[in-house]
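One structure is given below, encoded as structure tokens.
Quick note: the coordinates plus some simple rules give every number you see, no bench work behind them. Keep in mind it's a predicted model, so treat the numbers as computed, not measured. Please note: Cβ atoms are built from the backbone with ideal geometry, for glycine as well, and neighbour counts cover all protein chains shown.
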Amino acid sequence: MIEAIFPGLYRIEIPLPGNPLKMLNSYFIRGDGRGLIIDTGFNRRECREAYDAAIRELNIDMRRTDIFITHLHGDHSGLVSYLSAPETKVWGGDYYLQASARGNAGPQWSYFADLIKQSGLSAENITLQDHPGYKFASEPFDRIEVVRNGDRIDVGDYHFQCLETSGHAPDHLCLYEADKKILLCGDHILAKITPNITVWGAPWGIERDFLGEYLDNLKKSAELEIDLLLPGHRAVIRDHRRRIGELLEHHDRRLNNILALIGDTRMNGAQVASQMDWDLTFKTWADFPPAQKIFATGEALAHLTHLTFTGRLQTELRDGVVYYSKKP
Ligand SMILES: [Zn+2]
Ligand SMILES: [Zn+2]
């Protein structure tokens, strides 16, 4: 399905079969000289067919179209190589470039074995092969021009500023059109679903607080004047401040729940994940498929790391597993 949202700006629904996100919102902007695609879909047949149909329907000439990728996740970046003509410029963040250029040998997986071990998940026989992002990775692609916070991209009447909004991914990017008050926000803010926040490093000695960065960037986004938020999944959002308020509250509740769960005990990431409240249909932790256990543990670790960075928890390493307890 294609929806004209603004003059020259279209939302293209790309199906994500078997994925709880159901579909990706790709956007196309028709410029005078060159057009721009924002995010693409997975590199799988159903997404390729949907994009081929959109190219026909919108009469897109890829030799005169560039691509902007909000972040490395395959549902956003998977078709970059498939869609690009030799003339196509591809813009994205530095971490995305490192990840994309090296495929499954990239930095997004180099810490994974340590994460599995240090979170306590290795006791559940989980391996990298259980991660769908690893299983369905795109071919390595390195023709990416790195953009940074404040860089400008002009497409016809649209004058975008790149905004770094790390949190959901290490260098997640949004495109802001200040005159039209539009923010193309990838997975930074979504309606109804809470963007997954994880850690992008081994928990022991981790150097970045990704949840902390996410919360800071949400607050910065709330200060922008926005009439229309165009997210990577689900419906467009008109009241961005209200949605940001709900997301901030959600994480605050989670942080407090985790502190209460830990109480005066000592727990590792997988133990915390197994006892948190999840909005999922599985009755017990044992029913979680391996991929869901990885996502849940990543989410738990992001919160545990934030509580450690903000001085509320302390960590200790025991037999290679990181344990969290209240800081006296
Ligand atoms: Zn994502
Ligand atoms: Zn996504």
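Here are the numbers for this structure:
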read-out	value
For region 78-94, Karplus couplings with θ = phi - 60° (6.51, -1.76, 1.60), whole Hz, Gly/Pro x	x, 9, 4, 5, 5, 7, 5, 8, x, 7, 6, 8, 10, 10, x, x, 5
Cβ-Cβ FRET estimate between His250 and Arg64, R0 fixed at 45 Å, reported to 0.05	0.60
Cα-based reach from Lys326 at 16 Å (exclusive), listing aspartates and glutamates while leaving out same-chain residues under 8 positions away	Asp264, Glu316
Within region 157-180, backbone nitrogen closer than 15 Å to the virtual label 7 Å beyond the Cα of Lys89 toward Cβ	157-162
GNM result for the chain, Cα springs below 10 Å: residue of Tyr214, Tyr111, Tyr176 fluctuating most strongly	Tyr111
Stretch gain in nm, segment Asp227-Ile2, where the contour uses 0.36 nm per residue and the Cα spacing is subtracted	78.9 nm
Val146-Lys220 FRET efficiency (beta carbon distance; Förster radius 22 Å; 0.05 resolution)	0.55
Dipole magnitude of region 271-318 about its Cα centre (Cβ charges: Lys, Arg +1; Asp, Glu -1), debye to nearest 20	140
Above-threshold pairs, the threshold being 22 Å between Cα atoms, out of Lys22/Lys192; Lys117/Lys219; Lys135/Lys192; Lys283/Lys327	Lys117/Lys219; Lys135/Lys192; Lys283/Lys327
Among Trp109, Ala54, Tyr324 - extreme Cα towards positive end, dipole of the chain, charges at beta-carbon	Tyr324
Contour minus Cα-Cα distance for Asn196 and Arg241 (0.36 nm per residue)	14.3 nm
HN-Hα J in Hz across region 11-20 - Karplus 6.51, -1.76, 1.60, θ = phi - 60°, x for Gly and Pro	9, 10, 7, 10, x, 10, x, x, 9, x
Ala178 paired with Arg56, simple spin-label distance in nm, labels 7 Å along Cα-to-beta-carbon	4.3
Under Karplus coefficients 6.51, -1.76 and 1.60, residue-wise ³J(HN,Hα) of region 146-154 in Hz, glycine/proline x	6, 10, 10, 3, x, 4, 10, 10, 10
Percentage relative contact order, region 2-249, counting C-alpha pairs under 8 Å, at least six apart	16
Under 5 Å, built H, 5+ apart or other chain: amide partners of Thr65	Gly35
Ranked Ser274, Ser325, Ser110, Ser100, criterion: other C-beta atoms within 10 Å, fewest first	Ser110, Ser325, Ser274, Ser100
Two-site label geometry, Asp319 and Leu259: point separation in nm, points 7 Å out along Cα→Cβ	3.1
Unit charges at the beta carbon, dipole of the chain: most positive-side option, Leu307, Pro170, Pro231	Leu307
On Cα atoms only, tilt of 45-57 relative to the major axis of the chain in degrees	30
Net lengthening on full extension, Tyr111/Met276 (0.36 nm per residue, minus Cα-Cα)	57.0 nm
Order by protection proxy (mean Cβ within 10 Å, highest first), peptides 183-196, 59-72	183-196, 59-72
Sequence-distant residues sharing a close amide H with Gly31 (under 5 Å, placed H)	Leu36
